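Here is the structure we will look at, set down as structure tokens.
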Amino acid sequence: MRLTVFTDYSLRVLIYLAIRPERRSTIAEIAGAFRVSESHLMKVVHFLGRHGFLANVRGKGGGLMLARPPEAINVGA
């Protein structure tokens, strides 16, 4: 099976956040962990947030978290 880069990055973001459910992570932190482009990752995060997978908190102390429990997220969705 071949995945697009967008799908690959989406799965990476979801996995990264699922491993750390108790804290918020930033786009820069995730991009650094996977050595990927922050600008491309911003598009991915925006898409995931718009579709209800991520909760985005702006400002100081903000970041990204899963909007649902990890068990409730289906890869097929």
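No value in this document is a laboratory result; all are computed from the given coordinates. All figures in this text were calculated on a predicted structure; none of them were measured in a lab. Please note: Cβ atoms are built from the backbone with ideal geometry, for glycine as well, and neighbour counts cover all protein chains shown.
Can you give the net charge of the other residues whose Cβ lies under 10 Å from the Cβ of Ala55, counting K and R as +1 and D and E as -1? Result for the local shell: +2. For volume of the Cα convex hull per residue in Å³, one of (1) 75; (2) 114; (3) 94 was computed from the structure I shared and the rest are decoys. Which label? The value matching this structure is (3).
Highest mean packing comes first when the peptides 63-72, 19-28 are listed by Cβ atoms within 10 Å, giving 63-72, 19-28. Going by a ≥ b ≥ c, the root eigenvalues of the Cα gyration tensor, does region 1-45 fall in the rounded group (a/c under 1.5), the prolate group (a/b larger than b/c) or the oblate group? Oblate, because a/c is 1.5 or more while a/b does not exceed b/c. Positive contributions from Lys and Arg (+1) and negative ones from Asp and Glu (-1), summed over other residues with Cβ under 14 Å from the Cβ of Arg24, come out at +2.
With a Förster radius of 22 Å, plug the Cβ-Cβ distance of Ala67 and Val5 into 1/(1 + (r/R0)^6) and report the FRET value to the nearest 0.05. Efficiency, from the Cβ-Cβ distance: 0.40. Counting 0.36 nm for each residue step from Phe34 to Asn56 and taking away their Cα separation leaves a gain of 5.9 nm. Taking Gly61, Gly49, Gly32 as the candidate residues, the one with maximal mean-square fluctuation in a Gaussian network model of the chain, Cα springs under 10 Å, is Gly61.
The label-point distance for Ile15 and Asn74, in a model that sets each label 7 Å from Cα toward Cβ, rounds to 2.1 nm.
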